1. Which of the lysines could a cross-linker span from K221 if the Cα-Cα distance has to be under 23 Å and same-chain partners fewer than 8 positions apart are dropped?
2. Can you give me the P(r) profile for region 7-183? Cα pairs, bins 10 angstrom wide beginning at 0, each as a whole percent.
3. Got the relative contact order for region 194-291 handy, in percent, Cα pairs under 8 Å and 6 or more residues apart?
4. So if we plug the beta-carbon distance of A57 and T171 into 1/(1 + (r/R0)^6) with R0 = 45 Å, what FRET efficiency do we get, rounded to 0.05?
5. Normalised by the number of residues in the chain, what is the relative contact order in percent for Cα pairs under 8 Å and 6+ residues apart?
6. Find, among the GluC sites (Glu not before Pro) in region 115-167, those assigned to loop by DSSP (not H, G, I, E, B) with at most 11 other beta-carbon atoms within 10 angstrom.
7. Straight-line reach from K101: which lysines have Cα under 16 Å away, leaving out those fewer than 8 places along the same chain?
8. Using a Cα-Cα cut-off of under 19 Å, which aspartates and glutamates could be cross-linked to K170, ignoring same-chain neighbours fewer than 8 residues away?
Amino acid sequence: MPLEIKKVGVIGAGQMGNGIAHVCALAGYDVALNDADPDRIRSGLATINGNMAKQVAKGSVSETDRQEALARIVAADKTEDLADCDLVIESATEREEVKRKIFSALCQVVKPEAILASNTSSISITRLAAATDRPERFIGIHFMNPVPLMELVELVRGIATDDETFEASKTFVTRLHKTYAVAEDFPAFIVNRILLPMINEAIYTLYEGVGSVDSIDRAMKLGANHPMGPLQLADFIGLDTCLAVMQVLHEGLADSKYRPCPLLVKYVEAGWLGRKTQRGFYDYRGEKPVPTR
């Protein structure tokens with residue numbers, strides 16, 4: 001019998017993780033939200049509550065639905081609290097060694113038939129799966145940010161992912177009212193393979209003095225009809241994540257066109273990671289964002 005997904009575990013209560021928990025709970029799944037830092041779980045639950053309240057205010061979600069969804073989410077302080085989940089989605093930092101450690105611990109506690117998934121935006125699913133005790137029940141389920149608003153999910157099969165896992169994952173994504181795109185297991189998959197080099201090129205354009213932060217973002221918004229400029233988008237994604245994806249592309253495809261811009265490296269080294277640290281290509285500490293270059 002195909003595995004029926006009823007309870008979903010989410011590891012990582014940051015921006016992506018709490019968004020995944022949010023949409024799963026609204027879709028009727030029981031959710032266990034886990035993080036290495038218990039305070040981040042509480043913060044994540046508060047963010048979910050606030051974001052659902054905004055949906056109620058807009059009329060896209062009823063107050064009854066919000067209350068029922070919130071009641072479905074529980075804080076999972078320990079990995080052991082995920083033992084009864086049918087699907088566990090890892091949404092931790094974009095570092096392979098961290099993800100491998102998480103999956104190693106997870107395999108000790110979850111039931112044998114449970115599906116394991118990673119929300120990685122760039123790392124090899126085949127390689128992550130090989131570090132587990134169930135590579136055939138491992139898949140990439142890559143959500144877009146912000147999860148409650150973005151319709152697309154990339155489904156990435158590793159070389160060992162079986163058909164049952166793939167079909168169960170498609171059913172799961174559809175129940176979330178998302179649309180899936182199937183991507184092959186190549187560095188950065190589809191969206192980030194195209195998007196991040198564009199952002200990196202925008203940073204090179206800034207680095208080489210072709211334009212200022214303001215002029216580059218204005219040019220792409222008004223000249224290419226993008227809803228957000230590439231440098232503003234980089235800040236939203238997180239410059240550390242942008243750098244991590246470019247490094248995966250550069251190392252995985254061995255092509256100089258994917259070399260991370262030195263200015264991106266410098267910003268990350270400074271700890272200016274974008275919105276989450278209040279400074280990146282824009283300074284967010286005042287009433288309105290101000291370009292930093």
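What follows is calculated from the coordinates using simple rules that are stated; it is not laboratory data. Everything quoted here is computed from the prediction, not taken from an experiment. Glycine also receives a Cβ, built like all others from the backbone with ideal geometry; neighbour counts cover every protein chain displayed.
1. Once the sequence-local lysines are set aside, what remains near K221 is K276, K288.
2. Over region 7-183, the share of Cα pairs per 10 Å bin runs 11, 42, 37, 10, 1 percent.
3. 26
4. 0.90
5. Working: 525 pairs, mean separation 38.9, N = 293.
The value is 13 percent.
6. Hits after loop and neighbour filter: E151.
7. Partners found: K78.
8. E4, D30, D86, E90, E113, E136, E151, E154, D162, E184, D185
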